1. Which far-off residues, 5 or more places away or on another chain, put their amide H under 5 Å from the one on L31, with H placed in the peptide plane?
2. Using a 1.4 Å probe over the heavy atoms of the protein chains, calculate the carbon and sulfur portion of the accessible area of the chain as a whole percent.
3. Computed on alpha carbon atoms, what radius of gyration and Dmax characterise the chain, expressed in Å?
4. Extending each Cα 7 Å along its Cβ direction at H38 and N25, get the distance between those two points in nm, one decimal.
Amino acid sequence: DVMMPEKDGIAATRAIRAMHGAAGNVPIVALTANAFEHQRAEYLTAGMDGFLAKPLQNRQLAAILQRAIDGTLRNSMMLEAVR
């Protein structure tokens, strides 16, 4: 969730991306109600691979998880295209 207490999703993403090896390359998907264009750009710049806007729909979650498993998620920024 982008709006976590103590360390928000952007800070968490930057910390994960700073890790070496596989740990720094895990797929990261934002879950947020903040889906304006400037916020999407901030997520991508921080190193996130995609995002889901709240309220979350099961089919969107299933689609983005499948892309993460398939290795096709990286830098796709799923946007609203997952339907």
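The values are calculated or read from the model by the stated rules, or taken from the named source; none is laboratory data. Being a predicted model, the structure only gives us computed values, none of them experimental. Ideal geometry is used to build each Cβ from the backbone, glycine not excepted, and the neighbour counts take in all protein chains shown. Remember, those area values only see protein heavy atoms, side chains included, never the ligands or the DNA or RNA. Shrake-Rupley method; radii C 1.70, N 1.55, O 1.52, S 1.80 Å.
1. HN-HN under 5 Å from L31: V2, L52.
2. Working: 3050 of 5220 Å².
Here carbon and sulfur together make up 59 percent of the probe-accessible area.
3. Calculated on Cα positions, Rg and Dmax stand at 12.1, 34 Å.
4. Simple spin-label model gives 3.5 nm for this pair.
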